[in-house]
Amino acid sequence: MTTPTALPAPTAGPVLPVLGTLLAALLCALTFGATPASAHAALTSTDPANGSVVRTAPQRITLHFSEGVLLNADSIRVLDPAGERVEQGGPEHVDGKSDSAAVALRAGLADGTYTVAWQAVSADSHPVAGAFTFSIGAPSKTTVKATATVTEVDPAVEVLYDTGRYAAYAGFVLLVGGCVFAGVCRSSRPVQRIAVGGWITLFASTAALLLLRGAYTSGKGLGDVLDLALLGDVLATKPGAALLSRLLLLSAAAVFLAVLFGSYAREDDDRTRGERRDVAYGLGIGGTVVAVGLAATWAMAEHASVGIQAWLAMPVDVVHLVAVAVWLGGLAALLATLRSGEPLGRAAVVRFSRLAFASVCALVATGLYQSWRQVGSWDALTGTSYGRWLLIKAGLVIVLVGVAYFSRRWTARLTDGPEPKKTKSARPAAQKVTASQKVTAAAKGGGSDSAERAAQLARQRAALEKAAGKRERDADENRSGLRRSVGAEAAVAVVLLAVTTVLTGTQPGRAEAEQQRAASDAAAPAATGPAEVRIPYDTGGTNGRGTARITLDPGRSGRNTLDVAVTDAAGRPVDVPELEVSFTEKAKEIGPLRATLERRSGGRWQSTGFQLPMAGEWQLSLTVRTSDIDQVTEIKNVKIN
């Protein structure tokens, strides 16, 4: 949104299908191309762990996520084997960290299997949910089905919400791109329709998103869309505040549009050239602020606001969004102008060509950074939904740049050509007089047949004028070629915008890969065999070197048999004066848990009934003493299922 140029007199150009085509393609992408909304915050660990057996009832349930989450009163529900809720109070973040959630449990819980059902809103505005189980004392039968406790998004609400998201992106592109084209290249009635249509689309879709969001995140139906309590909860969250801010910024954008396409655009006003220049600078600065502010409402509430380097990602995302709008929205404005037959000088087309080139450069630079940040690895690029959509988007950008090359060639051939001769307007003027005379005569005669004949002649005259204008427009081969190539660009841009909006609703590759790892760990078999660790040691004294083979059977949480076999440097069993084994879970601050070892035979010790409370990565500490003064402690990690 920069310095505007003069708006010519309105013309009765054809109604352009650009906006309708764009929205139709976005709806098709929603119906056939969009993936279902997936979890954007991955559940990385729980305490107690999924499927674990604990000896005593825990005081609280703790969940850890890959990114921050927003909580409500029912975000964590804990159900006993009979299906009764046993949590006490509401959930809260642990130590103020938004990527964690915990809820206290009632005292005196009985033994058995408990189900934890959780739901929250990911920091990038998408709802997430899941369930897991743990047991106190020993597993038991339970009436609760974990899958039945997960709250699903209502399908109708999800379709409407996703449609609103796509429409909001389209409206932003048309609003910003149309205004920039009007200010930098050329203003006209078709361009005004593009910009105003974008404003209406963005405003309506944002208001709809604000109403739908409460039902979308809580799993409620369309009947709850107008629930004021849900709306209040939404406004208290970051995504809700972003949507409200967007509506306020659109109020300022409406004033900007009124000035840009209103009184300022008239050339016959009484303002001096200096006054008009000052207003133009003011419009340029104000428009830039509004455009950046609108883009920031997406950056502050979606992917850019979470994950690594959020402080850098958000301004980069703003630049990326504005560049997309300037390029693709400008294409729509250029195509609308070319199709309408409005006079468009070569200088205006060259200015847009340069503007589009700068936008593409900004898109490439910001897109590379965003791709690295959201994907992170080659495996995630090809092995996740986000990575595959990103490859499709990159391919479309390459195709679009290739088509733009031909548009630049047609632009280089453009000439402004001679001004239309005044004599050409003689025949239309005569037709207008004749039609007026016939209407007057019909009115004087009072005959309905004459009035109908006059109206028919007026329609015929309008059709002839439209056909003549089209022939005149198509007579310039260079402009016709430019119009065709820009139309091809716009067609590819429609698909590119649809893929981009689908991409913003897809879980980033980094988070999806992390969630896959967490799910793989949670779904690991209970035990595939004993866990065995070999630890070489050297106490430094005489005969102080050897190896301890430690076997944990069955190598899972709960009751285990710990067997330790000690051999010397030659591989022979050897007794040592002192041997100690302990386990520590650093992440959960559990331990050290020391095993009580009993000597079974030469060089062999055993502990039966050794308890490990949960699965995870445990630190095994082995202490060996071979003399009164020679002793060493060795540490090694062991995976417990």
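When LEU209 is tested against (1) at pLDDT below 90; (2) closer than 15 Å to VAL153 by Cβ, just one condition goes unmet, and that condition is (1).
The residues of segment 351-402 that are within 25 Å of VAL180 (Cα to Cα), crowded, with 16+ Cβ neighbours inside 10 Å and among the aromatic types (Phe, Trp, Tyr) amount to a single one, PHE352.
Within the bounds of segment 211-223, is there any residue that is in contact with a Cys (Cβ under 6 Å, 6 or more places away or on another chain) and small (Gly, Ala, Ser)? No; the residues of segment 211-223 include none that is in contact with a Cys (Cβ under 6 Å, 6 or more places away or on another chain) and small (Gly, Ala, Ser).
Please go through segment 540-553 and pick out each residue that is surrounded by fewer than 16 Cβ atoms within 10 Å (Cβ to Cβ) and part of a loop (DSSP other than H, G, I, E, B). Hits for segment 540-553 are GLY540, GLY541, THR542, ASN543. Within segment 576-591, if we keep just the residues that are loosely packed, with under 15 Cβ neighbours inside 10 Å and modelled with pLDDT of 80 or more, the residue that is farthest from ARG604 (Cα to Cα) turns out to be LYS586.
Taking segment 118-174 as the range and being basic (Lys, Arg) and modelled with pLDDT under 85 as the test, only LYS145 passes. Taken together, the residues in segment 600-626 that are more than 24 Å from SER557 (Cα to Cα) and exposed (fewer than 15 other Cβ atoms within 10 Å of the Cβ) amount to 3. Does ALA73 qualify as being assigned to a loop (DSSP other than H, G, I, E, B) and at pLDDT 50 or above? It is true that ALA73 is assigned to a loop (DSSP other than H, G, I, E, B) and at pLDDT 50 or above.
Residues checked against (1) surrounded by fewer than 20 Cβ atoms within 10 Å (Cβ to Cβ); (2) closer than 30 Å to VAL502 by Cβ; (3) of a type in the set (D, E, K, R); (4) over 23 Å from the mean Cα position of the chain (by Cα):
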| residue | (1), (2), (3), (4) |
| --- | --- |
| VAL78 | no, no, no, yes |
| ASP95 | yes, no, yes, yes |
| ALA101 | no, yes, no, no |
| LEU109 | yes, no, no, yes |
| TYR114 | no, no, no, yes |
| VAL121 | no, yes, no, no |
| PHE134 | no, no, no, yes |
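For (1) over 26 Å from SER125 (Cα atoms); (2) at pLDDT 85 or above, each residue gets a yes or a no:
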position	(1), (2)
ALA299	no, yes
ILE308	no, no
PHE357	yes, yes
TRP378	yes, no
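Among the residues making up segment 88-119, those that are of a type in the set (A, V, I, L, M, F, W, C) and closer than 19 Å to ALA49 by Cα are VAL94, ALA101, ALA102, VAL103, ALA104, LEU105, LEU109, ALA110, VAL116, ALA117, TRP118.
Being small (Gly, Ala, Ser) and surrounded by 15 or more Cβ atoms within 10 Å (Cβ to Cβ) is a property that GLY232 lacks.
Considering only segment 151-244, give the helices (runs of 4 or more DSSP H) lying wholly within it that have at least 2 residues that are in contact (Cβ under 8 Å) with a residue 60 or more places away in the chain, on the phi < 0 side of the Ramachandran plot and among the β-branched types (Val, Ile, Thr). Where helices (runs of 4 or more DSSP H) fall fully within segment 151-244 and carry at least 2 residues being in contact (Cβ under 8 Å) with a residue 60 or more places away in the chain, on the phi < 0 side of the Ramachandran plot and among the β-branched types (Val, Ile, Thr), they are 155-184, 189-218. Reported count of residues in segment 216-271, each being within 23 Å of the chain's Cα centre (by Cα), at pLDDT 90 or above and polar (S, T, N, Q), is 1. None of LEU328, LEU344, LEU338 is buried (at least 24 other Cβ atoms within 10 Å of the Cβ) and under 30 Å from GLY481 (Cβ atoms) except LEU328.
The rows are residues; the columns are (1) within 21 Å of HIS303 (Cα to Cα); (2) in contact with a Leu (Cβ under 7 Å, 6 or more places away or on another chain).
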position	(1), (2)
ARG77	no, no
GLY83	no, no
VAL86	no, yes
ASP99	yes, no
GLY108	no, no
VAL116	no, no
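The values are calculated or read from the model by the stated rules, or taken from the named source; none is laboratory data. Here the structure is a predicted model, which means the values were calculated and not measured. Neighbour counts run over all protein chains shown; Cβ positions are idealised from the backbone, glycine included.
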